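Bear in mind these aren't lab numbers, they're just calculated from the coordinates by the rules spelled out. Note that this is a predicted model, so its numbers are computed, not measured. Please note: Cβ atoms are built from the backbone with ideal geometry, for glycine as well, and neighbour counts cover all protein chains shown.
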């Protein structure tokens, strides 16, 4: 194995229509980077032989018996590999329509994405829907791979045809890929090594492209947002625990506690067996404050001076419905945003959109179904503390919960 | 923030979330390196005072060193330790001759009995996605039914740190705060934090255990790694998988899947 200079890990998701070759590409990436334990490779090879099939790289991920038999990936799997530059964790997301919630689960945890398209079949329904989800999740680092080039005799004109078709769609989403690469995942063409079958392609390989990407930066340079998760009483100290979502919090900072705008000062930053003077974005910490105030889970701390999140009971959002259970506008629903949880009503579904074709199905809709996007106005029973998704994503996104489970994900486009 | 701090912060967030949402929870401690690291993270999450019990399932086949180690640190760290044993099955003389039967009776059944007795709503476990193919499918908050079955085909979505926190009466939730760690991360963190680890992991006479459980079903690997640094170095160059010395993974390609759908950890 290679030495790793940069210990930082980047996570990537591989998405695309069913059977366009996601699992095969992952298996190949593992094989080509020598990241596959020998005994695992042997195990997969033996299983393939037992099933009377040729060696399938995809089986490395499709570790469940049923998946092997049916040949589809049911859930999101994660697996690791590394290049000379850094470590990667790949998330394999299922292409089937029924598994969109799993695909979102996987993709919401990543820094970059590879969208895979079959050169022969071209752009399909899930290719577009997955592109839409990447856009909604705010993923900006994107590679398109046109796979199975061997099936179209490595033809450059077919590559360009599929590429333009997809780029036209992405343009409507305002999503531009960083790279587009012709590959044959099962044979390794343009994965780790340049393909000898496509001398007309002068660009980078998949691994070279990945290495150009940046790990997602935490929001330390933005204004402070600290979400309270819980309040502990330890050794007679009242410790407010939570995570710094953005910015930096320091001992002595003058702060406001929202939604009630209570003013106080940070007395100490608390970590077990440490004496920190500050906590930065992404960090789980505790703090104590100067004044004895009533604080509870869901409160958000910001600085007294500088920009503040909005306290409001009305937001405008794009909501992606991911449940079989159809939504009716008259229902109450639970909104969860960072550590806040409130009852809400949807005041208006301005547009109902098909997430694959981007077609407007209806305006002023009363319902929302699985895999549809609603552009809506949401009214919460109590005020919530929010930011615009484009500014501080951690406070600009939420889920809807119904019947003990998550049914939708939304991003805030406007705080009213 | 460096890589290890990021991993730590995410795990602590999940641990605190589990306690806030379910309150009546326990952490499963196998005395191995992963769950000992999880125990360490729990101590950090609650500033040294873990507000819930630590559960050890004792099959009667554990390494004697593990029991001694467990009791020593339970005392040192002031843990509320609960030991779960399926006494009936141990008396009946169930043995690893039939591995599926043995694991099911002595681990899974023992765990079921203990959960029922204490009415735990959620359990914290130190499993990681990179351990085994099937574990890669796990969620951070993963529901199990009364029979402990895992409906992996119909798992709840998880996004933006929002998890499955509401449950039906007949469910309990497995919480996996370290799902995103790798084996090397664990060792680097143990080194950084100076976490005490049971010496079975360190090489003696050319052999060490890379993964520990019940004595009859664990094989040591050939290794000269007798310090954490040497273990990390070994892991960076090996191409053998972590659990290759664990008998239950080997029995058949699907043993682990069967065990897990029956409620195995």
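What to note about this one:
- Kirkwood analysis of the Cα pair distances in chain B returns a hydrodynamic radius of 18.9 Å.
- Computed over the stretch A:300-352, the P(r) tail beyond 18 angstrom holds 46 percent of alpha carbon pairs.
- Potential extension, residue A:196-residue A:155 segment - 0.36 nm per residue separation minus Cα distance: 13.5 nm
- Binning all Cα-Cα separations of the stretch A:104-254 at 10 Å, short to long from zero, yields these whole-percent fractions: 10, 30, 25, 13, 11, 8, 3, 0.
- Chain A: angle of helix A:38-50 to the longest principal axis, Cα-based, in degrees nearest 10: 60 degrees
- Each of residue A:377 and residue A:45 was given a label point 7 Å from its Cα along the Cα-to-Cβ line. The distance between the two points is 6.4 nm.
- Computed on the stretch A:310-415, with alpha-carbon pairs under 8 angstrom and 6+ residues apart, the relative contact order is 39 percent.
- Peptide-level mean, for A:79-87, of C-beta atoms on other protein chains within 10 Å: 2
- Histogram of C-alpha separations across the stretch A:205-293, 5 Å bin width, %: 3, 13, 21, 24, 13, 7, 5, 4, 4, 3, 2, 0
- Relative contact order computed over chain B (Cα-Cα under 8 Å; 6+ residues apart), in percent: 22 percent
- Helix A:125-137 vs. chain A, principal-axis angle (Cα, 0 to 90°, nearest 10): 30 degrees
- In terms of its C-alpha gyration tensor, the stretch B:11-143 has a prolate overall shape, because the principal axis ratio a/c (a ≥ b ≥ c, square roots of the eigenvalues) is not below 1.5 and a/b outweighs b/c.
- In terms of the mean number of neighbouring beta-carbon atoms within 10 Å, the peptides A:107-115, A:354-362, B:92-100, A:185-193 order highest first as A:107-115, A:185-193, A:354-362, B:92-100.
- Mean Cβ neighbour count within 10 Å, used as a protection proxy, ranking A:342-349, B:76-83, A:130-137 highest first: A:130-137, A:342-349, B:76-83
- Estimated [θ] at 222 nm from DSSP helical runs (n ≥ 4, -39500 (n - 2.57)) normalised by residues in chain A, nearest 500: -5500 deg cm²/dmol
- For the segment A:278-291, counting C-beta atoms of other chains within 10 Å of every residue's C-beta and taking the mean gives 3.
- Rg [Å, one decimal], Dmax [Å, integer] - the stretch A:295-399, C-alpha atoms: 14.8, 46
- In chain A, Cα pairs under 8 Å separated by at least six residues give a relative contact order of 12 percent.
- Among the residues of B:161-168, the average count of other protein chain beta-carbon atoms within 10 Å of the residue beta-carbon is 6.
- Ranked by the mean number of other Cβ atoms within 10 Å per residue, highest first, peptides A:236-242, B:113-119, A:372-378 order as A:372-378, A:236-242, B:113-119.
- Ratio of the Cα radius of gyration of the protein assembly as shown to 2.2 N^0.38 Å, where N counts its residues: 0.96
- Dividing the summed -39500 (n - 2.57) terms of all DSSP H runs of n ≥ 4 by the residue count of chain B sets its mean residue ellipticity at 222 nm at -10500 deg cm²/dmol.
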